[in-house]
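Trainee: Before anything else, here's the structure in question.
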Amino acid sequence: MNDHCRYEHDVMHAARESRWTEVLQGHLASCEDCQAAAAVTGFMENLSEDNARVRPLPSASAVWLKAQLLRDTLAAERVARPFTVFQWLAYFVVASGWAGLMTWKWDVVRQWMLSFTPAHVIQSASGLTAPSIPLAFYAGIVVLASLTMFLALHTILAEE
Amino acid sequence: MINAMALPGHLMASREASGGRAPQKPMNEAQFEAFYRSTAGSLWSYIYRLTGNAAASDDLLQKTFFRFLRANPNVESDEHMRRYLFRTATNLAMDHFREAKRERVEEQAAATITVDYPARELKHDFQRVFSELKPQERALLWLAHVEEASHDEIGQALGVKSKSVRVLLFRARRRLADVLKNHGLGPEVVR
Ligand SMILES: [Zn+2]
């Protein structure tokens with residue numbers, strides 16, 4: 001079942017300790033895998049004994065704490081994700097609301113904007129009446145303005 | 001110093017006490033600290049021999065343990081925990097090479113590694129010699145010779161079939177022997 005030579009570990013130990021039994025030496029003569037293992041064992045031993053670490057390892061408690069913080073951040077992101085979708089939906093609804101309202105009463109809006117030109121200011125002063133605007137339009141403006149303000153504030157606070 | 005891929009003593013004891021059954025409790029801080037103390041040193045050495053960079057090794061070591069904790073390991077499956085660590089570290093180290101290559105920070109990142117050598121003289125610069133091998137060859141040799149991992153364990157750590165490990169390990173040993181010969185360092189003659 002095992003695909004590797006069963007003497008491999010014994011050969012590595014023997015090479016490390018320079019202690020060869022006759023059996024192992026006999027095996028080594030006929031096993032390419034073990035010859036290759038024995039040839040590099042000394043170097044690998046030296047490499048593993050050459051302690052490369054010049055500063056202490058990160059402490060276990062610091063790693064534990066960071067892992068907990070990371071986990072909390074990931075959990076918060078998971079919770080925040082559906083809210084982000086909701087946020088985009090809210091932007092879309094408010095923008096559509098404004099577009100709908102403006103289209104519905106575009107004539108009124110245009111006249112209202114034109115009322116700021118000097119000619120209209122004079123007309124108004126001379127007592128000519130402005131076109132009537134339905135109450136629903138004002139109500140729509142108030143609702144959409146509130147929603148827009150709420151969304152803007154939410155976006156700013158969320159970014160902070 | 002050779003570290004066998006053995007189980008930490010306290011974990012072995014708890015496993016025996018529970019008769020080998022696996023409770024569902026995740027690891028607590030005290031258990032993590034004990035496990036970290038028993039594994040972090042050898043894991044760091046492994047990562048360092050792959051990357052050749054001490055700062056990157058600190059970083060990858062922590063990332064490995066973050067992933068380990070996020071995976072919510074079962075305290076009783078100790079062998080699994082240690083294998084998981086080495087497999088994760090190997091993946092992260094390979095990602096590190098790919099990233100470095102992509103950013104063109106290092107030339108020939110797949111074949112060589114950046115080495116920030118400790119400020120001391122070495123008779124033979126082992127790491128420099130070792131860095132001439134490919135990352136996978138370094139991982140194979142370290143796991144086989146230093147961690148004394150079985151071919152199954154090596155296969156799992158490197159994401160290759162354990163049947164392929166024999167051939168890969170043989171080639172890696174041959175490659176190292178050639179590199180050693182080029183540096184006038186061997187290979188050793190067995191008496
Ligand atoms: Zn053999």
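The values are calculated or read from the model by the stated rules, or taken from the named source; none is laboratory data. Since the structure is predicted, the reported quantities are computational estimates derived from the model, not experimental observations. Positions of Cβ are generated from backbone atoms using ideal geometry, with glycine treated the same way; all protein chains shown enter the neighbour counts. Calculation scope for accessible area: heavy atoms of the full protein, side chains included, ligands and nucleic acids excluded. Shrake-Rupley method; radii C 1.70, N 1.55, O 1.52, S 1.80 Å.
Trainee: Using alpha carbon centroids, what distance separates segment A:101-120 and segment B:157-181, in Å?
Mentor: 81
Trainee: Let me ask you something else. Mind giving me the FRET efficiency for A:SER30 and A:VAL54? R0 is 41 Å, r the Cβ-Cβ distance, nearest 0.05 is fine.
Mentor: With a Förster radius of 41 Å, E is 0.40.
Trainee: I want to verify a result. In a Gaussian network model of chain A, Cα cutoff 10 Å, which of these has the top mean-square fluctuation: A:VAL54, A:VAL79, A:VAL108?
Mentor: With Cα springs under 10 Å in chain A, the top fluctuation among A:VAL54, A:VAL79, A:VAL108 is at A:VAL54.
Trainee: Please give the helix A:60-104 orientation as an angle from the longest Cα principal axis of chain A, in degrees from 0 to 90, rounded to the nearest 10.
Mentor: Helix A:60-104 sits roughly 30 degrees off the main axis of chain A.
Trainee: Would you mind computing, in nm to one decimal, how far apart the modelled labels at B:ASP59 and A:ILE156 are, each placed 7 Å from Cα along Cα→Cβ?
Mentor: Between B:ASP59 and A:ILE156, the simple spin-label model gives 3.7 nm.
Trainee: While we're looking at this one, here's another question. Return the sequence-ordered ³J(HN,Hα) values of segment B:53-62 in whole Hz as given by the Karplus equation 6.51 cos²θ - 1.76 cosθ + 1.60 applied to θ = phi - 60°, using x for Gly and Pro.
Mentor: Per residue, the Karplus-derived 3J(HN,Hα) values read 10, 5, 5, 5, 5, 4, 5, 5, 4, 5 Hz.
Trainee: Based on the Cβ-Cβ distance from A:HIS9 to B:ASN91, what FRET efficiency comes out when R0 is 22 Å, to the nearest 0.05?
Mentor: Taking R0 as 22 Å, the efficiency between A:HIS9 and B:ASN91 is 0.25.
Trainee: When chain A is modelled as a GNM with alpha-carbon springs shorter than 10 Å, which of A:ARG71, A:ARG53, A:ARG19 fluctuates the most?
Mentor: A:ARG19
Trainee: Hey, got the average number of other protein chain Cβ atoms within 10 angstrom for residues in A:55-64?
Mentor: Per-residue shielding by partner chains comes out at 6.
Trainee: Report ³J(HN,Hα) in whole Hz for each residue of segment B:30-35, in order, from the Karplus equation J = 6.51 cos²θ - 1.76 cosθ + 1.60 where θ = phi - 60°; Gly and Pro get x.
Mentor: 5, 5, 5, 4, 5, 5
Trainee: Computed on protein heavy atoms with a 1.4 Å probe, what is the summed buried accessible area for the chain pair B and A, in Å² to the nearest 100?
Mentor: Approximately 4500 Å², summed over both chains.
Trainee: Quick one: length gained pulling B:VAL167 to B:LYS181 fully straight, 0.36 nm per residue minus the C-alpha distance?
Mentor: So the extension gain works out to 2.9 nm.
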